[in-house]
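First the structure, in the form of structure tokens, and then the observations on it.
The values are calculated or read from the model by the stated rules, or taken from the named source; none is laboratory data. Since the model is a prediction, treat every value here as computed from it, not as a measurement. With ideal geometry, Cβ positions are generated from the backbone for all residues, glycine too; neighbour counts draw on all protein chains shown. For accessibility, only protein heavy atoms count, side chains too; no ligands or nucleic acids. Shrake-Rupley method; radii C 1.70, N 1.55, O 1.52, S 1.80 Å.
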Amino acid sequence: MDDLIDRDDNPELGRKLGLSRRQLLAATTGMAAAAALGAAAFGGGPAHAATRGAAAAAAAGAVKAGGNGVLLPPGKRGIILYTVRDAISRDPNTTDLASGFKEVFQELSRIGYKQIEFAGYGQHANAEGGNVNNVAGAQLLRTWLDDNGLEAEGNHGSIPSTISDATIAQFDAQCEVANILGFGHIGTGSDPTGSAYVADWELAAERWNFFGERAASHGLKLYTHNHDIAYSFLLDSGPLDALGRPTRSSGVRRLEHFLANTDPSYVYLEMDIFWAHVAQYKHRSFTAPDGTVVESIFDPAGVVSAQTTRFPLFHTKDGKVNTATPNGYDMVPFGQGDIDYTTFFQRIGAKGYHNSMWEQDTAPGGNANPGQSLQFAQVAYDGMAALRG
């Protein structure tokens, strides 16, 4: 990982670093709640009837109890900095627009955001603070966060692909920096594995259980962020190919298997709600062991409602239906799309528990409109604040 910070920059860090009361409380209550819920099926197979029934009951209860209340509390409205990556990376000497972490934090706070998710720790060298990809830089970032009333919740970093003394030390260094910044979570923006095969997902589950427990020892929740392919069907049965790999599916989705084989006390997910709806559009059927094609429609809210505390983070990315594209949606600022966020948040339960980070990959406007990403940030915040149910 390019943004990895070596704890050798400060040999006293490991000894001095402690958990805040907020982090300790969040870690312990989250683990207890997740353990109590246990793992549940979340989509695609025969268990869906029960899941849909539970989801419908949850939705009815939410509507009855929630009325027209705020669905996203002010303290849970966040943004991943990837959305405004152009502002963070631009040279302040060439523009009057907000540049670098400090000025972008100020602008996001002015808009009303309270939570931040990092996407690495790099900014333009001419921005105030210069290179902040080190321990001293993390301490400076924390000062700027505090000064602007912002709370950092996670980072799209990387999880080691192997378990060794060296990779454990690297992961511990990331966790230590996460604690300086005040994170409640630490994670990655990629799938545990890109494979479609069950054996690879089993190996990934073992590795994530290990590093999830390691993260918990630092007071953090380890999470994986996923796009639509992770909600496609696992190849786990049927005739074998020339390499001895299964060619058909039992109807279990990749992340369904991952959830069932990881410890709910240590491994969590960040659902990107846009990509989950893309999965609903794209991954609608599987070839069963007997060769028949079985339709199975993915239910994003049903996934979450079945084990809601395993999804402490969301990307609240909105989409406008466009079936002329492979994904079926175009990314738009929150509140300008067709994804039914009101029903989604009514159905999932645990109102006020989840941390919602707005993301729009296409927010930067390039040279033609260099202020667009922060303009969209205002539009999206207003949309999140207006959500009622």
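Scan the range 131-139 and give yes if some residue there is in contact with a strand residue (DSSP E or B) (Cβ under 7 Å, 6 or more places away or on another chain) and either in contact (Cβ under 8 Å) with a residue 40 or more places away in the chain or among the basic types (Lys, Arg) (or both), otherwise no. Looking through the range 131-139, none of the residues is in contact with a strand residue (DSSP E or B) (Cβ under 7 Å, 6 or more places away or on another chain) and either in contact (Cβ under 8 Å) with a residue 40 or more places away in the chain or among the basic types (Lys, Arg) (or both).
The set of residues in the range 150-177 being touching a helix residue (DSSP H, G or I) at 6+ places or on another chain (Cβ under 6 Å) and among the acidic types (Asp, Glu) consists of GLU176 alone. Tallying residues that are open to solvent by 40 Å² or more (accessible area, probe 1.4 Å), within 26 Å of GLU151 (Cβ to Cβ) and either within 17 Å of the chain's Cα centre (by Cα) or β-branched (Val, Ile, Thr) (or both) within the range 332-349 yields 1.
ILE339 passes every criterion in (1) on the phi > 0 side of the Ramachandran plot; (2) in contact with an Asp or Glu (Cβ under 6 Å, 6 or more places away or on another chain) apart from (1). A single member of ALA169, ALA173 is open to solvent by less than 20 Å² (accessible area, probe 1.4 Å), more than 20 Å from the chain's Cα centre (by Cα) and over 25 Å from ASP236 (Cα atoms), and it is ALA173.
Within the range 104-123, being open to solvent by 50 Å² or more (accessible area, probe 1.4 Å) and without any contact (Cβ under 8 Å) to a residue 40 or more places away in the chain holds for one residue alone: ARG110.
Per-residue answers, yes or no, for (1) modelled with pLDDT under 95; (2) over 30 Å from ILE297 (Cβ atoms); (3) more than 22 Å from the chain's Cα centre (by Cα):
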site	(1), (2), (3)
ALA41	yes, no, no
ALA54	yes, no, yes
ALA65	yes, no, yes
ASP91	no, yes, yes
GLU107	no, yes, yes
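Please tell me if ASP200 is touching a Lys or Arg at 6+ places or on another chain (Cβ under 9 Å) and of a type in the set (D, E, K, R). Against the criterion (touching a Lys or Arg at 6+ places or on another chain (Cβ under 9 Å) and of a type in the set (D, E, K, R)), ASP200 does not qualify. Taken residue by residue, the range 367-386 has no member that is among the aliphatic types (A, V, I, L, M), surrounded by 15 or more Cβ atoms within 10 Å (Cβ to Cβ), modelled with pLDDT of 95 or more and part of a loop (DSSP other than H, G, I, E, B). For the range 310-327, enumerate the residues that are assigned to a loop (DSSP other than H, G, I, E, B) and either within 22 Å of MET357 (Cα to Cα) or of a type in the set (A, V, I, L, M) (or both). PHE311, PRO312, THR316, LYS317, ALA324, ASN327, listed by residue number. Scanning the range 178-219 for residues that are surrounded by 19 or more Cβ atoms within 10 Å (Cβ to Cβ), aliphatic (A, V, I, L, M) and over 24 Å from ASN134 (Cβ atoms) turns up VAL198, ALA204, ALA205, ALA216.
Let's see how each residue does on (1) among the hydrophobic types (A, V, I, L, M, F, W, C); (2) within 26 Å of ILE339 (Cα to Cα); (3) out of contact with any helix residue (DSSP H, G or I) (no Cβ under 9 Å at 6 or more places or on another chain):
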{"position": "ALA260", "(1), (2), (3)": "yes, no, no"}
{"position": "SER265", "(1), (2), (3)": "no, no, no"}
{"position": "TRP275", "(1), (2), (3)": "yes, yes, no"}
{"position": "TYR281", "(1), (2), (3)": "no, yes, no"}
{"position": "THR292", "(1), (2), (3)": "no, no, yes"}
{"position": "ILE297", "(1), (2), (3)": "yes, yes, no"}
{"position": "ALA301", "(1), (2), (3)": "yes, yes, no"}
{"position": "GLN307", "(1), (2), (3)": "no, yes, no"}
{"position": "ARG310", "(1), (2), (3)": "no, yes, no"}
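Restricting attention to the range 231-266 and to residues that are crowded, with 17+ Cβ neighbours inside 10 Å and among the hydroxyl-bearing types (Ser, Thr, Tyr), the residue that is farthest from the chain's Cα centre (by Cα) turns out to be SER237.
Residues in the range 112-147 that are of a type in the set (Asp, Glu) and assigned to a loop (DSSP other than H, G, I, E, B): GLU128 only. Here LEU97 qualifies as modelled with pLDDT of 95 or more and either charged (D, E, K, R) or surrounded by fewer than 19 Cβ atoms within 10 Å (Cβ to Cβ) (or both).
The single condition from (1) more than 25 Å from the chain's Cα centre (by Cα); (2) under 23 Å from PHE314 (Cβ atoms) that VAL84 fails is (1).
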